[in-house]
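Take a look at the structure set out below.
The values are calculated or read from the model by the stated rules, or taken from the named source; none is laboratory data. If you're wondering where the values come from, they're calculated on a predicted model, not measured in any experiment. Every residue, glycine among them, receives a Cβ derived from its backbone with ideal geometry; neighbour counts consider all protein chains shown.
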Amino acid sequence: MSVIGLSADKIKHLLKIDSKVMLFESLESTNLFAKELAASGKACEGDIIIALSQTYGRGRLGRSFYSPACCGVYFSIVLKPNIPINDISLITPVAAVAVATAIEKATNKSPKIKWVNDIFLNGKKVCGILSEAAFTADGIGSYVILGVGINLVSPKGGYPEDIKNIAGSIFEGEEVFDANCLVADIINNFFDCYKDLNNKDLLIEYRKRMMLIGDNINYTVNATRKTGKVVGLDERFRIIVESDAGEREALQSGEVSIGSGNI
Ligand code: BTN
């Protein structure tokens, strides 16, 4: 697979919104860069920061996100949402729908969403999403950074030992692929959904692609370790779990694991 190089101008041209698109060969983390811009008042809603590699890509729960050059695309969108604070948690799952839909168009394959922020293809994680928010008392300086990391092709020599059983890439084979279209589609899809995060169609789209339903998982609520079965997704994109003790609980986030592995 040959990936056509990313270009800030091409992406900007393909976007339906008027965004400032910044492209870097390498950054420590696009989320960190975007946060620094936003915190210093220099970023606007819709600004896009893209890196071709990251030296310390940030993942959920303080983990790192493997971000080598020539294999993936790593980007962050600056958001200044004028929405109720409770709706901020909808941004990540809605972004997952936007990413999955764009990957479907690019590949004709059927990516799945692993609650709440990972996209899987053929049983392997091909994309991680991380939203990071900061709030000010007056709300004016508040922002959310939505970060998306996609593995386009596998690194020569394969993925590192610690992630080789989990990580995958969205393309295989010999065709040429234009990564600019994929990035622009994700951003366009996201901004279409972002207009109305409570649109019930987004839940339908998420549920269609959702992994975990029917799976037994280990999870923690108020520092208590429990086991149970995933039975659904509520209207706030929380998974509904029926514990072995028969209680139904809606899980917002936190450490949830399936069997012995972490989500
Ligand atoms: C996860 O898998 O836990 C989430 C990974 C999110 C990675 C993306 S890559 C672009 C953006 N910048 C970062 O430092 N992280 C996100």
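Just one residue in the set ALA38, ALA34 is away from the ligand (no atom under 12 Å from the Cβ), touching a residue at least 24 places away in the same chain (Cβ under 8 Å) and crowded, with 20+ Cβ neighbours inside 10 Å; that residue is ALA38. Looking across region 78-91, the residues that are over 20 Å from LEU15 (Cα atoms) and either in a helix (DSSP H, G or I) or within 11 Å of the ligand (Cβ to nearest atom) (or both) come down to ILE85, ASN86, ASP87, ILE88, SER89, LEU90.
Listed by first and then second residue, the pairs linking a residue in region 241-262 that is within 25 Å of ILE88 (Cβ to Cβ) to a residue that is outside any strand (DSSP E or B) and at pLDDT 70 or above, with Cβ atoms under 7 Å apart and 6 or more places separating them unless they lie on different chains, are ALA250/ASP234; ALA250/ARG238; LEU251/ARG238; GLN252/SER89; GLN252/ARG238; SER253/VAL116; GLU255/LEU61. Scanning region 142-174 for residues that are crowded, with 19+ Cβ neighbours inside 10 Å and of a type in the set (Val, Ile, Thr) yields VAL144, ILE145, VAL148, ILE150, ILE170. Pairing residues of region 129-149 that are among the aromatic types (Phe, Trp, Tyr) with residues that are within 16 Å of the ligand (Cβ to nearest atom) and in a loop (DSSP other than H, G, I, E, B), at Cβ distances under 6 Å and at least 6 apart in sequence or on separate chains, gives no pairs at all.
Here the condition is being more than 25 Å from ALA43 (Cα to Cα), polar (S, T, N, Q) and over 14 Å from the mean Cα position of the chain (by Cα); of ASN180, ASN151, ASN188, ASN165, it holds for ASN165 alone.
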